[in-house]
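Data first, discussion second: the structure below is written as structure tokens.
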Amino acid sequence: MNDIQINLDRDLVFFDVETTGLNVIRDRIVQIALVKLHKNGQPQTELSMLINPGIPISEESMQIHGITPKDLANKPVFQQVAQKIWDFIGDSDLAGYNSNRFDVPMLMEEFARVGMEFDVSKRRLLDVQRIFYKMEPRTLKAAYRFYCAQELTDAHDALADVKATIDVFKGQLQAYEGKDLIDENGNVVPAPIQNDVQVLHTFTNDLNFLDATQKLRVQPDGVVVFNFGKYAGQPVREVFLKEKNYFHWMLEREFSSQVKQIIRQIMKELDREKRS
């Protein structure tokens, strides 16, 4: 399958960025790698470099890509390499994995900061993740077909959907019994799917977030921080201590009841500490 020749009428650049965090507006690129497939059949060309972002790298991001401030201390800032990246891409189309939602807008922001308007309106954007998700749909009907080898004929009837979900769950327990997971970093997770609710709860939830809307995040040191707005990344307790009105503002706004429960508990703990 790897010998398949991609039909090109324009050069195609696959690229990926590693960053200081996940906010395409505020975060910065710390590494970029680009591979150009040439329309004329020439051997592919590559460009890869580390970039000093000029801002801190979040702990979560360092745990993912392993790039530390020490690694970047003597590396160029984006402004120093912007023209080289620009020239390498040229008028190529762009491709990547989740690139439409992350890598492309992140690169556009970096160019904009140095006064270069990177126009994608005349480029074709190919997102490999979207091919995967569309061809392997994450619907109950698709899961029923995959794990139960049957067609779900009465989908979207609530009771039928619940019963089908139970069948899918049983199929998953059987399909993945004793099967190790290799995560995106190449680490082996021994048999994560077990017939144990607590184990599966841990596996199926992102325990870095305290609420389903991902407004509150837990750092590796256990500190709860905001994951939105003007206080993004700042500890909730510290913000409430300095600005109690922000707590009341959150209670009045359209945050989930789950978020409001959590911040009420944090405020109760702060009041209790003040009285003691």
statement: The helices (runs of 4 or more DSSP H) lying wholly within region 169-276 that contain at least 1 residues that are among the small types (Gly, Ala, Ser) are 257-275
- request: Select, from Leu94, Leu152, the only residue that is touching a Lys or Arg at 6+ places or on another chain (Cβ under 8 Å), surrounded by 11 or more Cβ atoms within 10 Å (Cβ to Cβ) and in a loop (DSSP other than H, G, I, E, B).
  value: Leu152
- request: Report the residue count in region 36-64 for those that are without any contact (Cβ under 8 Å) to a residue 60 or more places away in the chain, surrounded by 16 or more Cβ atoms within 10 Å (Cβ to Cβ) and within 14 Å of Gly21 (Cβ to Cβ).
  value: 4
statement: Reported set for region 99-138 where residues are under 21 Å from the mean Cα position of the chain (by Cα) and not in a helix (DSSP H, G or I) is Leu125, Leu126, Asp127, Glu136, Pro137, Arg138
- prompt: Of all the residues that make up region 242-259, how many are modelled with pLDDT of 95 or more and touching a Leu at 6+ places or on another chain (Cβ under 8 Å)?
  reply: 0
Where Ser61 falls short, out of the listed (1) in a helix (DSSP H, G or I); (2) out of contact with any Asp or Glu (no Cβ under 8 Å at 6 or more places or on another chain): (2)
- request: Report, by residue number, each residue of region 230-261 that is under 24 Å from Gln63 (Cβ atoms) and out of contact with any helix residue (DSSP H, G or I) (no Cβ under 8 Å at 6 or more places or on another chain).
  value: Ala232, Gly233, Gln234, Pro235, Glu238
message: Yes or no: region 71-90 includes at least one residue that is surrounded by 14 or more Cβ atoms within 10 Å (Cβ to Cβ), closer than 30 Å to Val218 by Cβ and modelled with pLDDT of 95 or more.
response: yes
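The values are calculated or read from the model by the stated rules, or taken from the named source; none is laboratory data. Remember, it's a predicted structure, so these values are computed and weren't measured experimentally. Cβ atoms come from the backbone with ideal geometry, glycine included; neighbour counts cover every protein chain shown.
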